[in-house]
Amino acid sequence: MNNHTGLRIGEATVTKIPELTLRGFAPGTLFPDLDRTLLSHRPDLDSPGLFDPETGNVILSVHTWLVRTPRHSILIDTGCGNDKSRPSMPMLNHLHEPYLDRLAVAGVEPEAINYVLITHLHADHVGWNTRWLEERWIPAFPHATYIFSALEQKCCAGLTTGDGRAQAARSEPNLGMSVRIPVPGVYPDGVAPIVGAGLAKLIKIEGSEFVDGLSFHPTP
């Protein structure tokens, strides 16, 4: 996909905005039952774009999707973000990436984003919800409505203590997964400021369309 022109889908243009390329994951970390011999039957899955030929590690892309319609400019997920404290995730700790510059190259300034759609509240999906300014976290897209799961917001807020520290990870039966938030926590710096600013629209994930032909579907 051309990062500048994007992919045309009906009336919408979808553009990939890259942030990071991660090469530090062994295949067994992500896929414990992977049999690498199976890749010999699928050479397309063993290409240099998917695996690092020197280490054999999986290559992962951290990026967001910019969706432009005749009515709105929409971001899907916001990557890792700059200046975030992620001591348990060194590859995401205190980043300084020119993500907003890349967004500008695609033709969109932060103030022009109308909606931010968050698929889930993990560290590599909510980082650019906020940016650090004048000793506090402020919304990076100040005129946007941030749309995400009310259930997941409740779960993640419950994992954070009153002083912003993350509690131990625990299972959330209704989500069907274990949520892990690194100290000092994704929620205090990436989600709580959005909720506090009144920019969050918390929804029930049930397949409903919320903006310009885009729907949220549950994938536990």
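Please treat every number below as a calculation from the coordinates, not as lab data. These numbers were taken from a predicted model, which means no experiment stands behind them. All Cβ positions, glycine included, derive from the backbone under ideal geometry; neighbour counts span all protein chains shown.
Some observations on this one:
- Given LYS16/LYS154; LYS84/LYS154; LYS16/LYS204, the pairs whose alpha carbons are separated by over 24 Å: LYS16/LYS154; LYS16/LYS204
- Virtual spin-label span in nm between THR29 and LYS201, 7 Å along Cα→Cβ: 3.7
- Segments 9-21, 197-209, 139-151 sorted - mean Cβ within 10 Å per residue, highest first: 139-151, 9-21, 197-209
- With the simple spin-label model, which puts each label point 7 Å out from Cα in the Cβ direction, the LEU151 to THR55 separation comes to 3.5 nm.
- Which of HIS217, HIS122 has the fewest Cβ neighbours within 10 Å, and the rest in rising order: HIS217, HIS122
- Rounded to the nearest 0.05, the FRET efficiency derived from the C-beta distance between THR219 and HIS41 at R0 = 35 Å is 0.80.
- Cβ crowding within 10 Å, taken as a proxy for footprinting-reagent exposure, orders ARG8, ARG86, ARG131 from fewest neighbours to most as ARG8, ARG131, ARG86.
- Cα gyration tensor shape for the stretch 68-124, rounded if a/c is under 1.5, else prolate or oblate: oblate
- Likely footprinting exposure, PHE51, PHE210, fewest C-beta neighbours within 10 Å first: PHE210, PHE51
- Fully extending the segment from GLU109 to LEU7 would add 34.8 nm, taking 0.36 nm per residue of separation and subtracting the current Cα-Cα distance.
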